[in-house]
Each structure stands twice: as C-alpha cells, then as structure tokens.
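> Mind looking over this structure? Questions follow.
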Amino acid sequence: MKRFGVVYLLLGSFSWCQAASLGSAAVQEPVAPTTATGDTTTRNLAYESVNSTAALDKPLITVTGLCDNPSAEAAASNCKTVITQAQFEKLVNAVQPSMSARARREFALNYAEALVMAKKAEQMGLDKGVSFEEQMRLSRIQVLSQDLKKVIQEKASQISDKDVEDYYNTNTAKFEKAEMDRIYIPKSQQALSVSDKKLTDGDTQMHSQDSEQTMKEEADNLRARAVAGEEFTKLQADAYQVARIKSTAPNTSMVIRRISLPPNQVSAMDLSPGKVSSVLADPNGYVIYKVKTKSMLSMDQARDEIKATLRLQRTQEEMQSIEESVTPTLDESYFVRRRASRGTTGATEQAKPGFTPHASDPN
C-alpha cells in the first residue's frame, strides 16, 4: 500500500478526541458551480452534496476503539475518534490540494492507520524524551523548508503575457527550428570475428587506433560526398558498412532546434538551407548535418515552453539567493575524529543518509 510520509509530520496538528467533543471546523464554503440554461440556472447538485455545510460537518473517518481514555468510556462503542470532511480536507490541502479522489481514499486509510500507530506510541511513552523532541524539531524545519519552496514556485509561476513576449523577442534564436539531414559515423569499427590466435594488449591497442583512424577518414570522405550532393540515406548506409555494423542504418531526416543540440554542434543551426556542416564530434563518433529548411516557432506555439523556462529560472534564482545569503562552515576535525574513533577510513565508511530540507517524500 502506498504510504504518505508527510502524514507523520502533521499528526501533531490534529487532537485526539471523541465524536462528541469534535467541534465543527469553520470552513469557508466554496460557491457551487452553476450551468445557465435559457432563463434558468441549473445548480451542480453533486458538487453541493460534497461541499455543503452539512457535508463538511459529516464524519468522514471513524476509528472505533480509538480514544484518549478508553477505560473512562461508558461503553466500548463510544470509544472512537472521528474526523469530519472539513478536517480531512484541511489536512489534504496542507499536503497536496490537487490529490485525486482515488488517492484521497487511500490517504484516508493511511491516515487512520497512522492515528492508531501514533496513539500506541504515546501509550508507550515514545513521545517523551530528547530523541522525540529533536525529531519533531527536524520535522518542523523540513516542513517549513518545503512550504517555502512551494511559495517560491507559486510566485515564480505568476508570468504575464508581457513576460512571455519579452522573453520571446529577446531569445528568438531559441525558437528557430530546422529540417535537416544528418549522418552519424561511429567512432570505431566493430571488431572482426575472434580468431584462434589471442591478440596481445599491444596488438589490441594498435587495432583500435587503426579502426578509429579509418572511421575519421571515412567521416571526412562522407562529408566531401555530401557537399557534392549525394543523398544522405546512401551516405549513412555506407558509414555503417565501413563500421561493420549489420543493423539497419537510422533515418537521416529530422527536425532540430538549437536548444536540442550539444554546444559543439550548435553551429549547424547557423547554416543556410542547402549547406553542409563540417564533421562534428559526437560522444561516440561524428555527425554531419545538411540544412533543408528553416522556420520559427510562433510565440503562441512557444508560450508553454517559455512559461516553464521562466518558472524554473525564477525558482532557481530565488533559491540561490536564499542559499547564498549565508555561509555554513564545518569543523572538519570533528568528522575526522569520528572516522578515526570507529577505525574506518573515508574510503571504506558507508554513506549515511543526509538531511535534505528541500526534498519531499515522493510517495
């Protein structure tokens, strides 16, 4: 069953109480959406049934057998803890307001289980002592850090049409796209079938050097043929044949944008239609481009991308500003002494989980 770890950080905000002692939370009732039909207005009854004042005060989670002082109860059936819809939605909004209906049901079950586990821990006295207080203090720091990041992200998401327009006009090159042909030439040839004679390390190294030299020369040759006007499909097939690759050669036609190319290949976007690039290095070989057509994304087509870029930039800038406002300094001698006292070295000591205040539980 999926677990919501954040629940355990929020248990302290909900009191243990019986059904009779649970007051109705003061929750502002949202306005029910309506649908206009001619001269009449049809109210969304399904929406009202979930969000009416009566529904918000209605018990949503009932944990029978769980209460503060079960021995003081007149009857076992009266020992229960009840969470209303309003209280549950307050919890959900604190964790993940956009939680789906299916996830909310699972979350409710997990929350009820957490309540039982927490009450048992209290009865065992696990909420007393320095260890518990330190864990709660750390949890508070983590929640505050996560909430700060949410606020920063929400602020960064407030992007106006003018922001989009200014970014588009300032970064037009980023929205240029080109239909190109591309040849990929492997860096070295595939090894031949293994012979009965075992090669020495020197022979293997020499063979590797010869193989790489052959492919570099082939790349230069293919580029000259491309400039002369040969079809890239034929050139790609020849590149694979020289490299001794038996699999089908890849398609040479593709649409490329400047931002999708590695830095050393961006120059291909500066070529005019019909021009062929030089032989460009690739992680495992070489590539050659030929521009067929070039065009621009419209601002409307790029709008979502621009908003995502600005949102990320603003979030990173704000986070960086906060982090750079202070300078943490460690007394490294402490950690050296700790390693020495355990008889371990930095190379053999197992890594311990660290504190990441900005990381949230993915579950």
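A short reminder: the numbers here are calculations on the coordinates, not readings from a lab. In this text, all values refer to a predicted model and were calculated from it rather than measured experimentally. Ideal geometry is used to build each Cβ from the backbone, glycine not excepted, and the neighbour counts take in all protein chains shown.
> So what's the net charge close to R314: Lys and Arg +1, Asp and Glu -1, counting the other residues with Cβ under 12 Å from its Cβ? Please report the intermediate quantities before stating the final value.
On the way: positive: K155, K307, R311; negative: E154, D163, E317, E318.
With Lys, Arg at +1 and Asp, Glu at -1, the neighbours total -1.
> Assuming 0.36 nm per residue, please report the length gained on full extension of the stretch T214 to I259 beyond their Cα-Cα distance.
Result for the pair: 13.0 nm of gain on full extension.
> Among the listed pairs K90/K155; K246/K292; K149/K294; K80/K128, which are separated by more than 31 Å between their Cα atoms?
Numbers: K90/K155 22 Å; K246/K292 28 Å; K149/K294 40 Å; K80/K128 24 Å.
Checking Cα-Cα distances, K149/K294 exceed 31 Å.
> Take the Cα gyration tensor of segment 88-140, multiply each eigenvalue by 5, square-root it, and list the three semi-axes largest first, rounded to whole angstrom. Each step should come with its number before you reach the end.
On the way: eigenvalues 143, 43, 9 Å².
Over the Cα atoms of segment 88-140, the semi-axes work out to 27, 15, 7 Å.
> Sticking with this one: Any chance you could check the Cα centroid distance between segment 288-317 and segment 93-143 for me, in angstrom?
42
> Can you give the Rg to Rh ratio of segment 272-350, both from alpha-carbon atoms, with Rh computed by the Kirkwood formula? Present the calculation step by step, with values, prior to reporting the outcome.
Details: Rg = 25.6 Å, Rh = 19.4 Å.
Here Rg/Rh amounts to 1.32.
> Take each of the peptides 179-191, 115-127, 213-225, average the number of other beta-carbon atoms within 10 Å over its residues, and list them starting from the highest. Provide the component values of the computation, followed by the final result.
Details: 179-191: 19.0, 115-127: 13.1, 213-225: 16.8.
Averaged packing, sorted descending, gives the order 179-191, 213-225, 115-127.
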